[in-house]
Amino acid sequence: RRSGQYTMNHDHSKKIPDGASFDRSGSQDSLDELSMDDYWKELENIHETRGNNHEERVALVVKEPDEGELEEEWLKEAGLSNLFGESSGDSLESMVFLSTLTRTQKAAVEKRVETVTQTMRKKNKQHQIPDVRDIFRLQNDSKGKVCDGSEPSAVRTSENKNETLDGTKGPKFSLGTDEQKSLLEDMPSSDTDINLEISFAEQAANLKDSSVGKMYKGGGGDTLLPNFRLPKDKTGTTKIGDLAPQDMKKVYSLALIELTALYDILGTEFKQQKAVKIKTKDSGLFGVPLSFLLEQDQKKVPGTKIPLIFQKLIAQIEETTLETEGLLRIPGVATRVKGLCQELEAKFYEGTFNWENVKQHDAASLLKLFIRELPQPLLTVEYLKAFQDVQNLPTRKQQLQALNLLVILLPEANRDTLKVLLEFLQRVIDHRDKNKMTLKNVAMVMAPNLFTFHGFGSKTIEQSEFAMAAGTANVMRFMIQYQKLLWTIPKFIVNQVRKQNTESQKKEKKDKAMKKLLKKMAYDREKHEKQEKTPNDTDVPQGVIRVQAPHLSKVSMAIQLTEELKAGDIVARFLSQKSGNVQTLKKEEVFLYEIGGNIGERCLDHDTYMKDLYQLNPNAEWVIKPKQS
């Protein structure tokens, strides 16, 4: 029986003397052997629940991909499928994209294109197969400059720092390539600051090159976690959810390439797993795909982003009190949990389920059951292994950077649900003095629920159970401890998106100009445009922006930019001028948005320094509006 494997493992941990006492509420959040006990107990509880006539579901088969298949899939995911195959001629968009990549990101793409190309040649597919070197050579020849405006492989000189790809002056985006080495040396290196301005993979490469960066293995789970923080960014911190969908798509592609580049540099294999589709329930509560659940929930509560049952279980646990000792660790009674589970399936949506019958430990068990029963893991089949492998990266900072990119890569429903879960776990830990559940204990108890996914069948995971246990518990601690950092989009990625948008707009302009010439109307058009432009330019003087707030005011406001002016000040200015017919909104509900120019749309945090941002995106429009939840 499958549980036999675990019982054996658990006996293995019984080497701990029975009388050994360990302080669950100790402030030292280190992982010692004793605390692993919680992990094995949790696994035992899971197997008891499962063995309790709980219907075993079909194991999710993870397909072993053929040679080149993974890489082909990767290029598709990264939005670069037109670098090979039938559409390889149509790669203008890809050229723009490639031109914004850092050195290490390019290397990661080259490596995958090379594999796909070789595989295609072997299979002798009838496609036009570009040579990977040609793709990048083409780009460098046509520009004469690589992605950051520096001569290929030459150190950039100070004069051309502000030049964009076609040599014109423009706002400077630091993407972190050649200028990085000097930048890194100038920066006071504090272990606790997370640098979001320079590509993570480039930082790792520079660390490897320099003798200073002595890498240490395994990230060590036995010491206190460092107090990582984000240095304040004057142009505003960008959180997941602040950008428009078209820009988020670009962020996704860049995060995938960046994560791969980081794993390449650090010598860790990054493999996306591929699940073979299996038949799943398409109604009910437990064992239903997140997407189906949300679909049926949105019919009841339009716009809901978190499954209603998940929200209700958390609310039920919190309603009692978060001070209960052993909360999340002590399981509910297995037979009762099973009964509640069936009753919920039948009555939850009808609203006839009696929540007063649900004891707190039962609700906690149901919450964990919900996560485990998802037909695909909350961290997804594609990335579960990558999340587990974070524990193998050399330094804590790199582990955190990888987790940051992985969170960006999760589908929205998974990411939103994970966020609500982590926020709840943090609230449990906030009451550790009473409930005796420290960060370490909560991580121990939750790791098996998120990381040992029943669907993968028993072999792969159980054999390496021991090695994996401490590692995944560590990753779990990281996710809880640093959750605020993990939902941030690194500035170097936002800058790459800005750069792509700028380049695409230039190309569009050139195309339009060509069409105009062909129609022999260029002269008239230009004259017409010039006449149109003049009054506008005088309309807004230099260093002044015009802000609109349709929800707050019928008229726009011209705002003089000063060094200290922040986005929140502008919002406050509009809110203080309430006109009678406008709905009352609080400062927490409305935000200033940067729209257009080199970004689709970006919600600004209130601490954004407007003059700095204006210099980064002078052509944007500025609008105040409520944030879409």
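Residues in segment 251-268 that are over 21 Å from Ser99 (Cβ atoms), surrounded by fewer than 24 Cβ atoms within 10 Å (Cβ to Cβ) and in contact (Cβ under 8 Å) with a residue 12 or more places away in the chain: Ile265, Leu266, Thr268.
Scanning segment 333-357 for residues that are modelled with pLDDT of 90 or more and under 25 Å from Met36 (Cβ atoms) yields a single hit, Val337.
Could you tell me whether segment 267-274 includes any residue that is within 20 Å of Glu72 (Cα to Cα) and among the aromatic types (Phe, Trp, Tyr)? The answer is yes, given that some residue of segment 267-274 is within 20 Å of Glu72 (Cα to Cα) and among the aromatic types (Phe, Trp, Tyr). On inspection, Glu508 does not qualify as modelled with pLDDT of 80 or more, open to solvent by 80 Å² or more (accessible area, probe 1.4 Å) and assigned to a loop (DSSP other than H, G, I, E, B). Output the number of residues of segment 554-604 satisfying the condition of being open to solvent by less than 90 Å² (accessible area, probe 1.4 Å), under 21 Å from Pro541 (Cα atoms) and modelled with pLDDT under 90. Residues meeting the conditions: 3.
Taking segment 388-416 as the range and being within 18 Å of Ile489 (Cα to Cα) and either open to solvent by 10 Å² or more (accessible area, probe 1.4 Å) or not aliphatic (A, V, I, L, M) (or both) as the test, the residues that pass are Lys397, Gln398, Gln399, Gln401, Asn404, Pro411, Glu412, Ala413, Asn414, Arg415, Asp416. Within segment 274-298, the residues that satisfy the criterion of being at pLDDT below 85 and out of contact with any Asp or Glu (no Cβ under 6 Å at 6 or more places or on another chain) are Lys274, Ala275, Val276, Lys277, Ile278, Lys279, Thr280, Lys281, Asp282, Ser283.
Among Pro331, Pro302, Pro289, which is the only one that is of a type outside the set (A, V, I, L, M, F, W, C) and within 22 Å of the chain's Cα centre (by Cα)?
When all the criteria are applied, what remains is Pro289.
At least 2 residues being farther than 23 Å from Lys312 by Cβ and modelled with pLDDT under 95 is the threshold, and among the helices (runs of 4 or more DSSP H) wholly inside segment 394-453 those reaching it are 396-409, 432-435, 439-451.
What are the residues in segment 294-303 that are open to solvent by 50 Å² or more (accessible area, probe 1.4 Å) and in contact (Cβ under 8 Å) with a residue 12 or more places away in the chain, if any?
Residues satisfying the conditions are Lys300, Gly303.
Looking at segment 269-293 only, could you name the residues that are open to solvent by 70 Å² or more (accessible area, probe 1.4 Å) and in a loop (DSSP other than H, G, I, E, B)? Within segment 269-293, Glu269, Lys271, Lys274, Lys277, Lys279, Lys281, Asp282 meet the criteria. Being hydrophobic (A, V, I, L, M, F, W, C), free of Cβ contacts under 8 Å to residues at least 40 places away in the same chain and closer than 20 Å to Asn495 by Cβ is not true of Ile599. Set side by side, the residues Gln500, Gln483, Gln496 differ, and just one is at pLDDT 90 or above and surrounded by fewer than 19 Cβ atoms within 10 Å (Cβ to Cβ), which is Gln483.
Taking residues in segment 604-629 that are assigned to a helix (DSSP H, G or I) and charged (D, E, K, R), and partners anywhere that are open to solvent by less than 30 Å² (accessible area, probe 1.4 Å) and at pLDDT 90 or above, the pairs with Cβ atoms closer than 9 Å and at least 6 places apart or on different chains are Lys611/Leu561; Lys611/Leu565; Asp612/Thr235; Asp612/Gly236.
The values are calculated or read from the model by the stated rules, or taken from the named source; none is laboratory data. This one's a predicted model, so the numbers in the text were calculated from it and none came from an experiment. Using ideal geometry, Cβ is built from the backbone for each residue, glycine included, and neighbour counts are taken over all protein chains shown. Ligands, DNA and RNA are excluded from the accessible area calculation, which covers all protein heavy atoms including side chains. Shrake-Rupley method; radii C 1.70, N 1.55, O 1.52, S 1.80 Å.
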